[in-house]
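Only the coordinates and a few stated rules stand behind these numbers; no lab work does. Keep in mind that this is a model prediction, so the values were computed, not measured. Cβ placement follows ideal geometry from the backbone for every residue including glycine, while neighbour counts extend to all protein chains displayed.
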Amino acid sequence: MTLIVRKRTLALLAAGMLLGGLATHSASAQTAPSNIMADIVKRGTVRIATIAGNPPYSSVSPSGEPQGYDVEIGKLIAAALKVKPEWVIVDTPGRITALQTRRADITLANFTNTIERSTVIAFTRPYLIVGSSFMVKKDSPLQTAEQLNDPKYKVSGPRGGTFEPIAANTVPKATVLRFDTVQDALLALRSGQADANLGDSLQIAATISASNGAMRALPGNWSYEEIAVGLPAGDADWFRIMDAWVRQFNGSGDNARLFKKIFGFDMPPLQ
């Protein structure tokens, strides 16, 4: 090998090592953990995204304070982490974007773990299993969900959640009324603007229980949904901490006791 060839070979090797090092550094930078827990400790608060107008999961009291089942869970998580809860009120799509933009460390908002959502954020194991059902007024002529599948009937529900695909699958011919919050969708049924409301089966049960006989559910369950804690993607340590908390919350009986306190009936089994 001549001196010139040797120099060129060494130069190429050096360039290759430099490029390889840069690629490794770039890959490491992209996969480096965000260390959310360290940020929470430093800040002294855990930022919790939730939505208003979704009782009994979450709503805002007349004094402006968040309240409900998910809110109480958030308070318990903050206490376990020895920090204070910091509430971030979002709309339905904001449950995801608050995590993606790191405005929130967790989302607690009657949040269903779906494949589509799991491609952009992470979820813990479920702390609640729900279905979906149709609710009508007691004196409604409707007796089955199948009867609703007609353009003359209006079905209300919140936009941006699982309501729309479930309605499209079960009553594709019905007229769908979309509202910003669950509370607004329920009000549409009460006021006669809608003929039925499609929603979380446990939320529907709680609403019927509090209606003094004014509302009833149509037979049938139209979905299987795992309600879980939403997390930013990419932080394995934060997922491990939160998933462990949910496991203990479920296993200790604390979840079942809190659920009954808020909803007024026994929590269904986690299947």
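Points worth noting:
- Three principal axis extents describe the C-alpha atoms of the stretch 132-217; from largest down they are 31, 27, 20 Å.
- Helix 69-81 and the longest principal axis of the C-alpha atoms of the chain enclose an angle of approximately 30°.
- Only Lys, Arg (+1) and Asp, Glu (-1) charged, at Cβ; the chain dipole about Cα centre in debye: 800
- Efficiency of FRET between Y224 and K75 - r from beta-carbon atoms, R0 35 angstrom, step 0.05: 0.80
- The stretch 97-169: equivalent-ellipsoid semi-axes (sqrt of 5 x gyration tensor eigenvalues, Cα, Å): 32, 13, 11
- Taking all Cα pairs closer than 8 Å and separated by 6 or more residues, the relative contact order of the chain comes to 24 percent.
- Residue among G157, G74, G131 with the largest mean-square fluctuation in a Gaussian network model of the chain, springs linking Cα atoms under 10 Å: G131
- Expected-Rg normalisation [2.2 N^0.38 Å, Cα atoms] applied to the chain: 1.32
- A168/D237 FRET efficiency (R0 51 Å; Cβ-Cβ; nearest 0.05): 0.85
- Simple label model, 7 Å out from Cα along Cβ direction - L187 to R103, nm: 2.2
- Among F134, F163, F259, sorting on how many other beta-carbon atoms sit within 10 Å of each Cβ, with the fewest leading, yields F259, F163, F134.
- Under 5 Å from the amide H of V176 lie the amide H atoms of V155, each residue being 5 or more positions distant or on a separate chain, with H modelled from the backbone and absent for Pro and chain starts.
- Between I51 and V90, the built amide H atoms are under 5 Å apart, and every one of these is 5 or more places off in sequence or on another chain.
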